[in-house]
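The block underneath contains the structure these notes are about, expressed in structure tokens.
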Amino acid sequence: PFADPETGAAVKAADRAHVFHSWSAQGLIDPLPVAGAEGAYFWDYDGNRYLDFTSGLVFTNIGYQHPVVVAAIQEQAAKLVTFAPAFALEARSEAARLIAERTPGDLDKIFFTNGGAEAVENAVRLARLHTGRPKVLSAYRSYHGATSAAINLTGDPRRWPSDSGSAGVVHFWAPFLYRSPFHSETEEQERDRALQHLEDTIVFEGPQTVAAIVLETVPGTAGIMVPPPGYLAGVREICDRYGIVFVLDEVMAGFGRTGSWFAAERFDVIPDLLTFAKGVNSGYVPLGGVAISEEIAATFATRPYPGGLTYSGHPLACAAAVATIRVMEDEGVVEHAAALGEKVIGPGVRELAERHPSVGEVRGLGAFWAVELVRDRETREPLVPYNAAGEANAPMAAFAAACKKSGLWPFVNMNRTHVVPACNITEAEAKEGLALLDAALAVADEHTR
Ligand code: PLP
């Protein structure tokens, strides 16, 4: 294996001296110096290789260093590396066309951003201007990004330090049967009660004050809670009844992750706005955007849209999107993700749940699965308390350390590990990762009652 510990030490020293990392206490982190990556794997400078069950932050849907996409980026760099947003450019036009052809319904206009949070910011701006209403509803147990509107919409503890009185945001409970906020016992009850709760919230807030409902089609970081059949269609109906814009955030769920181009397809629902980023070009170059319905786009036909970004539709990012979408099409990546869920990852994690007392529930679809770890399967007490840190989080930290030691890089959030590898990971690689997860779960089992 590749090894160059001296360079690794220098990379780490400069990082520790000068890089200020996201979401971290700067003095308490120990970032692994990474030397390279390919496909579903990456490696450090000390000769260790890791199978990446995180896809970075769930964005390398086609794996690392796909040669076709790398070549397309190189070609675009040589041809026209950058240009201002007000011009019509080949890479941008083509990316917009390919995305619009894949988004559901009449979401045929694409506003490009640099990432997911900016996509959410602009979706909210579009909805407020289109309706002339101030408020936005979003779910607890959600993540929508770290900029102002996006972090206020977020329904997990990452919002708390940045909450600006939630700035026109009202949170509600979305369905999650395993930890039902409505004390439901069946998916039908959970769906009906969640819809009633959402409608009650709107009625008591004043429907004429609500611009948008923003939901992740399948909530990602918050726990991959696949909505019960009929829930999203019910939200669509409520939006139509009250003239509210329906925004689906597909930053994580989009571009093949759930086994369809967009998760909305899987639930047969068409939003008015759809946000995307991550998988659009597997994060090879920063890119995100909002797909906009005909009706909302028409609002801005003669009235200027008051928002923009210097790098909106950057040619390098758009060329990467064009190449990524073609690769996904040519190599059947979306179908592969669906098959992984049905034949490999789904059965694999269900089998883990049978054997490990620490596994309370597994859920997901495509290449998008959550394994929820508990102390006690009967009471469903989480393996670590909500938002645990330090000593309280020790069982999860020990589980993650066991994964890493065995060569598996796990996605860990609160009391969950997510199985979110590249959507084009081979069956054999996925099985290898599940076997490593199996071994590491013995560490979590030690903390059960
Ligand atoms: N929305 C969802 C559903 C996400 O998962 C994320 C990031 O994880 C975002 C928005 C924010 O995207 P970004 O980090 O690119 O700003």
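Assign unit charges at the C-beta atoms only (+1 for Lys and Arg, -1 for Asp and Glu), then state the dipole size of segment 168-214 relative to its Cα centre in Debye, rounded to the nearest 20. Provide the component values of the computation, followed by the final result.
Working: 3 positive and 8 negative charges, 37 e Å.
Computed charge dipole of segment 168-214: roughly 180 debye.
I want to make sure I understand the PRE zone here: with the label point 7 angstrom from the Cα of ASN387 toward its beta carbon, which residues in segment 112-149 have backbone N atoms less than 18 Å away?
138-147
Taking the number of other C-beta atoms within 10 Å as the exposure measure, put PHE300, PHE112 in order starting with the fewest. Mind showing how you got there, number by number?
Numbers: PHE300 17, PHE112 26.
Ascending number of Cβ neighbours within 10 Å: PHE300, PHE112.
Is segment 14-88 best put as rounded, prolate or oblate by its Cα gyration tensor, with a ≥ b ≥ c the root eigenvalues, rounded for a/c under 1.5, and otherwise prolate when a/b is larger than b/c, oblate when not? All intermediate terms of the calculation are to be shown ahead of the outcome.
Values: a/c = 2.29, a/b = 1.45, b/c = 1.58.
Oblate.
Could you line up ILE110, ILE213, ILE29 from fewest to most neighbouring Cβ atoms inside 10 Å?
Ranked by crowding around the Cβ, least crowded first: ILE29, ILE110, ILE213.
For ASP240 and GLU188, what is the calculated FRET efficiency with R₀ set at 35 Å and r taken between the beta-carbons, to the nearest 0.05? Don't jump to the answer; show the numbers that get you there.
On the way: r = 22 Å, r/R0 = 0.62.
Given R0 = 35 Å and the Cβ-Cβ separation, E is 0.95.
Farthest toward the dipole's positive end in segment 67-330, which of LEU98, GLY234, ALA146, given Cβ charges of +1 (Lys, Arg) and -1 (Asp, Glu) about the Cα centre?
So the residue we want is ALA146.
In Å and on Cα atoms, what radius of gyration and Dmax does segment 67-330 show?
Both quantities, over Cα of segment 67-330: 18.2, 59 Å.
On the Cα set of segment 220-276, report Rg and Dmax in Å, please.
Using the Cα atoms of segment 220-276, the pair Rg, Dmax is 11.3, 32 Å.
Which entries of LYS109/LYS431; LYS109/LYS404; LYS79/LYS431; LYS135/LYS278; LYS79/LYS404; LYS278/LYS343 have Cα-Cα distances beyond 31 Å here? Please report the intermediate quantities before stating the final value.
Working: LYS109/LYS431 40 Å; LYS109/LYS404 43 Å; LYS79/LYS431 41 Å; LYS135/LYS278 27 Å; LYS79/LYS404 41 Å; LYS278/LYS343 25 Å.
Among LYS109/LYS431; LYS109/LYS404; LYS79/LYS431; LYS135/LYS278; LYS79/LYS404; LYS278/LYS343, the Cα-Cα distance tops 31 Å for LYS109/LYS431; LYS109/LYS404; LYS79/LYS431; LYS79/LYS404.
Pop a pseudo-label 7 angstrom from the Cα along the beta-carbon direction at both SER166 and GLU90 and give the gap in nm to one decimal.
Each label point is offset 7 Å from its Cα along the Cβ direction, giving 5.0 nm.
Can you sort THR426, THR310, THR131 from fewest to most other Cβ atoms within 10 Å of each residue's own Cβ? Write down the numbers at each step before the final one.
Details: THR426 15, THR310 9, THR131 19.
Exposure proxy ranking, most exposed first: THR310, THR426, THR131.
Quick check for me: using +1 on Lys/Arg Cβ and -1 on Asp/Glu Cβ, what's the dipole size of the chain about its Cα centre, in debye to the nearest 20? Don't skip to the answer; put the middle values down first.
Values: 37 positive and 55 negative charges, 180 e Å.
That gives a dipole near 860 debye.
Compute the length gained on full extension between ALA398 and THR379: take 0.36 nm times their separation in residues and subtract their Cα-Cα distance, giving the result in nm to one decimal.
Working: separation 19, 0.36 × 19 = 6.84 nm, distance 2.25 nm.
Taking ALA398 through THR379 to full extension adds about 4.6 nm, to one decimal.
Just the number, please: percent antiparallel of the DSSP beta bridges in segment 205-293, rounded to the nearest 5. Intermediate values should be presented prior to the final figure.
Working: 4 of 12 bridges.
DSSP beta bridges in segment 205-293 are roughly 35 percent antiparallel.
In terms of the ratio Rg/(2.2 N^0.38 Å) built on C-alpha atoms, what value belongs to segment 287-356?
Details: Rg = 20.1 Å, N = 70, 2.2 N^0.38 = 11.1 Å.
Against the compact-globule rule of thumb, the ratio is 1.81.
Starting from 0.36 nm per residue, how many nanometres of slack lie between ARG326 and ARG355 once their C-alpha separation is accounted for?
Gain on stretching ARG326 to ARG355: 6.4 nm.
What is the set of long-range amide H partners of THR113 at a cut-off below 5 Å, with H atoms built 1.01 Å from backbone N?
The answer is GLY288, GLY289, VAL290, GLY313.
Please list the three semi-axes, largest first and in whole Å, of the ellipsoid equivalent to the chain, using sqrt of 5 times the eigenvalues of its alpha carbon gyration tensor. Show your work: numbers first, answer last.
Numbers: eigenvalues 214, 171, 83 Å².
Gyration-tensor ellipsoid for the chain: 33, 29, 20 Å.
If you put +1 on each Lys and Arg Cβ and -1 on each Asp and Glu Cβ, how big is the dipole of segment 60-134 around its Cα centre, in Debye rounded to 20? Working shown, then result.
Working: 8 positive and 8 negative charges, 52 e Å.
The dipole of segment 60-134 has a size of about 260 debye.
Can you figure out the FRET efficiency of ALA301 with ASP15, using R₀ = 51 Å and their beta-carbon distance, to the nearest 0.05? If you can, show how the numbers build up before the last one.
Working: r = 48 Å, r/R0 = 0.95.
Calculated value: 0.60.
Using 7 Å Cα-to-Cβ label points, what is the ALA146/VAL203 separation (nm, one decimal)?
4.1
For a quick size check, give me the Cα extents of segment 215-318 along its three principal axes, largest first, whole Å.
40, 35, 20
How much length, in nm to one decimal, is gained on full extension between LEU32 and THR310, taken as 0.36 nm per residue of separation minus their Cα-Cα distance?
Details: separation 278, 0.36 × 278 = 100.08 nm, distance 3.25 nm.
Roughly 96.8 nm would be gained on extension.
Per residue and in Å³, how big is the convex hull formed by the alpha-carbon atoms of segment 155-201?
73
For segment 325-449, treating each Cα as an identical point scatterer without solvent, what Debye log10 I(q)/I(0) comes out at q = 0.17, 0.22 1/Å?
-0.81, -1.22
Using the Karplus curve 6.51 cos²θ - 1.76 cosθ + 1.60 with θ = phi - 60°, work out ³J(HN,Hα) for each residue of segment 106-111 in order, rounded to whole Hz, and write x for Gly and Pro.
9, 7, 10, 10, 10, 9
Peptides 10-22, 267-279: what's the order by average Cβ count within 10 Å, highest mean first? Don't jump to the answer; show the numbers that get you there.
Values: 10-22: 11.2, 267-279: 25.5.
Peptide ranking by packing, descending: 267-279, 10-22.
Would you please give the residues with an amide H less than 5 Å from that of ASP249, counting only those at least 5 places away or on a separate chain, with H modeled from the backbone geometry?
HN-HN under 5 Å from ASP249: LEU215, GLU216, THR217, THR275.
Coordinate-derived values only; no laboratory data. None of these values were measured; they are calculated from a predicted model. Note that we place each Cβ from the backbone using ideal geometry, even for glycine, and neighbour counts take in every protein chain shown.
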